[in-house]
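I have placed the structure first, in the form of structure tokens, so that the comments after it can refer back to it.
The values are calculated or read from the model by the stated rules, or taken from the named source; none is laboratory data. Keep in mind the model is a prediction, meaning the values are calculated, not measured. Because the Cβ atoms are built from the backbone with ideal geometry, glycine has one as well, and the counts that use them run over all protein chains shown.
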Amino acid sequence: MKDSAVPAAPGTIAGEVRSWLADNWHGVDDAAWRRRVVEAGWAAPTWPRDAFGRGLSRQEAKTVASEFRAAGARGAAVEHTGFPALAGNTVVEFGSPELKREVLPKLLSGEWSRGCLLYSEPGNGSDLAGLQTRAERHGDVFVVNGQKIWTTGGHEARCALLLARTDWDVPKHAGISFFLIPMDLPGIEVRPIKQMTGESDFNEVFLTDVRVPASALIGELNDGWRVLQTALKEERRTMGFELGGSKRREGDRAPLFSASNDLIEAAREAGRLDDPAVRQEIMRIHSWRLVNDWNAIRAKKQIEAGGGSSLASLGKLAKSRILHSSWALKFRLLGARGLLYDEAADKQAYEVDHQLMWSFINSIGGGTDQIQRNIISERILGLPKGFEPDRGVPFRDVRKGGNARPDGK
Ligand SMILES: Cc1cc2nc3c(=O)[nH]c(=O)nc-3n(C[C@H](O)[C@H](O)[C@H](O)COP(=O)(O)OP(=O)(O)OC[C@H]3O[C@@H](n4cnc5c(N)ncnc54)[C@H](O)[C@@H]3O)c2cc1C
């Protein structure tokens, strides 16, 4: 018997969802349906009622999602995935009632499911707090001018989280504000960047006299750095990229070596499984993967217990080394075939080349390897902080390159 055929106990979440679906679901998954799901609080069951939720637990939200699945209906419990999780959870925590009413239905109904992050600038990536895009208040709008770069998905985004400087007379972290804006505002120009893989996933984004409604501000004016920490936490959680090593996880009873089956398979295919140098390399990468898995479990436990996520920096750094080495080994095992970057001619070689190039993303996006080392040295090993020439200095007086104007702005 299928789950949906089992009657749900009255008074339970499952029962409530089932009876709501019986009254409302007519088998058409369209924009109107998604809106109805949002208004009923099923799209984000764990959010509070003033944020289109129902204040349910994560476990109860899973029940909501499975009841929807069983009925073949979509749109439920989407608050923990993708951009809606990232932007939505930040708005739920910091947004004004007006902003919540305006943007949460769009994020939850799929209208704004594609968004981008307008953070990095040509002169400010690692030193994000040194950003120079400015937002000047004129009545009930902010006029925004500046340039962003490496904006993943900017070309297809419907909305964006934007960091801009709103006060130049205070130290760098204290004068930044955080906005959630539509990407179709006049004055936003998106230019794709061609990557070494041949694709264009990132963009330059130019903002020229963009009039952003003051209601788009998330949190208090000039408190953007604090708001950003929530968005970054959500980004790390939804991407999960700091923690991953192999696919093996806590409680996984698979044999120890299954974690490196991909490498063993590549060596076997190349007829090099008996080569001692290859075996040694596989064992080296395998041990990194295992240690990273243990670290991931430790970091996850620490985060669940309400601790910081500094340990995740260890995982992100380890993952860089694991990805580079794994794909470099597979590339070498291909021999001369690896030189052919042509999907039609050799799909497998293309895939390995492509993944080898992509593996370097992990060393840059979300904070470079060097920045992870800084975090590890300061927050885990307790070493002294590096020299900060701009500490406590009004941002206007900080030496800067990039798009700075003669008046320091
Ligand atoms: C795949 C990918 C997707 C991205 N998506 C987005 C996006 O959607 N939105 C967005 O806003 N940004 C995005 N970025 C940008 C990314 O966050 C930045 O590239 C990254 O923070 C590094 O900044 P940068 O490129 O300006 O390099 P820089 O900060 O100029 O660094 C250059 C070099 O100097 C080193 N360095 C800098 N400061 C220090 C220091 N204090 N100590 C030691 N070494 C240091 C760095 O490690 C690096 O090797 C993305 C990047 C990638 C690769």
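Observations, loosely collected:
This table checks each residue for (1) modelled with pLDDT under 95; (2) hydrophobic (A, V, I, L, M, F, W, C); (3) farther than 17 Å from PHE395 by Cβ; (4) touching a Pro at 6+ places or on another chain (Cβ under 9 Å).
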residue: LEU107; (1), (2), (3), (4): no, yes, yes, yes
residue: ASP127; (1), (2), (3), (4): yes, no, no, no
residue: ASP169; (1), (2), (3), (4): no, no, no, yes
residue: GLY175; (1), (2), (3), (4): no, no, no, yes
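- Within region 106-139, being surrounded by fewer than 22 Cβ atoms within 10 Å (Cβ to Cβ) and farther than 23 Å from ASP169 by Cβ holds for LYS106, GLY110, GLU111, SER113, ARG114, SER120, PRO122, GLY125, SER126.
- Qualifying positions in region 380-402 - within 10 Å of the ligand (Cβ to nearest atom) and hydrophobic (A, V, I, L, M, F, W, C): PHE387
- Residue in region 323-340 that is more than 16 Å from the ligand (Cβ to nearest atom) and within 30 Å of LYS233 (Cβ to Cβ) present: yes
- Qualifying positions in region 316-340 - in contact (Cβ under 8 Å) with a residue 40 or more places away in the chain and either outside any helix (DSSP H, G or I) or over 14 Å from TRP288 (Cβ atoms) (or both): LYS330, LEU333, LEU334, GLY335
- Within region 55-64, being free of Cβ contacts under 8 Å to residues at least 40 places away in the same chain and surrounded by 19 or more Cβ atoms within 10 Å (Cβ to Cβ) holds for one residue alone: ALA61.
- Single residue of region 358-379 satisfying the filter (over 19 Å from ALA299 (Cα atoms) and crowded, with 18+ Cβ neighbours inside 10 Å) that is farthest from the ligand (Cβ to nearest atom): SER359
- Members of region 329-376 found to be of a type in the set (A, V, I, L, M) and under 18 Å from ALA270 (Cβ atoms), listed by number: LEU329, LEU333, LEU334, ALA336, LEU339, LEU340, ALA349, VAL352, LEU356
- Residue match in region 53-61 (condition: outside any helix (DSSP H, G or I) and either within 16 Å of the ligand (Cβ to nearest atom) or closer than 27 Å to GLY154 by Cα (or both)): no
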